[in-house]
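One structure is given below, encoded as structure tokens.
The values are calculated or read from the model by the stated rules, or taken from the named source; none is laboratory data. As the structure is a computational prediction, the values presented were derived from the model and not from experiment. Please note: Cβ atoms are built from the backbone with ideal geometry, for glycine as well, and neighbour counts cover all protein chains shown. The protein model used for the area step is the full one, side chains on, heavy atoms only, and it has no ligands, DNA or RNA in it. Shrake-Rupley method; radii C 1.70, N 1.55, O 1.52, S 1.80 Å.
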Amino acid sequence: KQNALTNNNNYKDHKLYIIMIGAPSSGKGTHASIISKKYKIPHISVGDIMRDEVKSGSKLGREMGDIMQKGGLVPPQITMELINNRISQKDCRNGYILDGAPRSRYQAEQIKNILSKDPNNVNIILNLDVSDNVLKARMIKRAECGKCNAGMIKGSICTNCHGDEVIRSDDNPRTFNKRLTTYHKHSDAVIDYFKNHSNFIIVDIKSHGNVEEVSKKITNSIDYFISYITENNQVMKSSLENIIN
Ligand SMILES: Nc1ncnc2c1ncn2[C@@H]1O[C@H](COP(=O)(O)OP(=O)(O)O)[C@@H](O)[C@H]1O
């Protein structure tokens, strides 16, 4: 169903904020990019922002690069500063999709505080759920475009901009396993934190299928949410899980 939010990226006083969480290789970046185009909200990839800082060669970038190469988390204050700088830009005024944060309870608290300032925000947390075996198999096959950062399969050309592939230096089995361990260490705390805050809706998306299948589930859940708001003029405060999967 088309409505004001999809056309105009806000409905009355509601703005759309989507937070993508999920393990490395769960598809956060791919789906964030699809959602960004469909709902006309900017895609904020925390990993890309950090990689840009590393590429800049700054002292901060060098320190961050070491941590990222070891599969750890960049310190929380630095992470929040990078996120805050980006989301305070003009294009984020009417909502955005945050891909790659929060990754710890502290980040969850900070992001909750930012998004709770406006009680009319539509805050959807998409939790991409994929088993570790599938994640590992995906990592071995994946590359990304050196030009536009879109996700792609190794040995192909970018379908988005025809750019050449690059393989992320942290997509090797050793670093990947560490990233996975880091993810499992924090993910329950992040999800539990939001479960206790009623102005955030958490949608668990079983993401084992192909991109189209998963994308359909995601779009259905967002559209369901939007039509609820359109019809009731209030933000829904219950779980969508049963409707989506
Ligand atoms: N919110 C964050 N907090 C701390 N570190 C982060 C955050 N987001 C990204 N990073 C760092 O950047 C790396 C790459 O992140 P990302 O590109 O999102 O890939 P993935 O989710 O596949 O691990 C992470 O392993 C971590 O070191």
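Any idea how far apart Glu63 and Ala189 come out in nm if each label point goes 7 Å out from Cα toward Cβ?
With each label point 7 Å from Cα toward Cβ, the separation is 2.1 nm.
Can you check what the net charge comes to around Ser45, using other residues whose Cβ is under 12 Å from the Cβ of Ser45 (Lys, Arg +1; Asp, Glu -1)?
Values: positive: Lys28, Arg51, Arg86; negative: Asp48, Asp52, Asp99, Glu144.
Cβ neighbours under 12 Å give a net charge of -1.
Taking amide H positions as placed in the peptide plane 1.01 Å from N, state which residues far from Gly163 in sequence (5 or more) or on other chains have amide H under 5 Å from it.
Hits under the 5 Å cutoff: Cys158.
So for the range 65-154, considering every pair of alpha-carbon atoms, how many percent are separated by more than 17 Å? Please list the in-between numbers first.
Values: 2617 of 4005 pairs.
Within the range 65-154, distances greater than 17 Å cover 65 percent of Cα pairs.
Got a number for carbon plus sulfur as a percent of the chain's accessible area, 1.4 Å probe?
Here carbon and sulfur together make up 49 percent of the probe-accessible area.
If you average over every viewing direction, what projected area does the convex hull of the Cα atoms of the chain give, in nm²?
On the way: hull surface 50.3 nm².
Mean projected area of the Cα convex hull: 12.6 nm².
Using label points projected 7 Å from each Cα along Cα→Cβ, tell me how many nm separate Asn172 and Lys70, to one decimal.
Inter-label distance under the simple model: 1.6 nm.
Please report, in whole Å, how far the alpha carbons of the range 101-168 spread along each principal axis, starting with the longest.
Each principal axis gives a Cα extent; for the range 101-168 these are 45, 30, 18 Å.
May I ask which of Lys28/Lys154; Lys136/Lys185; Lys40/Lys217; Lys136/Lys178; Lys70/Lys136; Lys15/Lys185 have a Cα-Cα span longer than 20 Å here?
Numbers: Lys28/Lys154 18 Å; Lys136/Lys185 17 Å; Lys40/Lys217 18 Å; Lys136/Lys178 12 Å; Lys70/Lys136 17 Å; Lys15/Lys185 32 Å.
Lys15/Lys185, as the Cα separations exceed 20 Å there.
How high is the FRET efficiency from Ala137 to Asp164, r the C-beta distance, R0 22 Å, rounded to 0.05?
On the way: r = 23 Å, r/R0 = 1.06.
It comes out at approximately 0.40.
Could you sort the peptides 78-90, 118-130 by per-residue average Cβ neighbour count (10 Å cutoff), highest mean leading?
Details: 78-90: 14.9, 118-130: 19.4.
Top of the packing list down: 118-130, 78-90.
If I model a spin label as a point 7 Å beyond the Cα along the Cα-Cβ vector, how far apart are those points for Asp118 and Thr181 in nm?
4.1
Using bins 10 angstrom wide from zero, how does P(r) for the range 25-123 break down, in % of all Cα pairs?
Percent of Cα pairs in each bin: 14, 45, 34, 7, 0.
Compute, for Arg93, the solvent-accessible surface of its heavy atoms (probe 1.4 Å) with the complete set of protein chains present, and express it in square angstrom to the nearest 10.
Roughly 150 Å² of Arg93 is accessible to a 1.4 Å probe.
Measuring from centroid to centroid over Cα atoms, what is the spacing of the range 89-103 and the range 130-166 in Å?
Measuring centre to centre over Cα atoms gives 23 Å.
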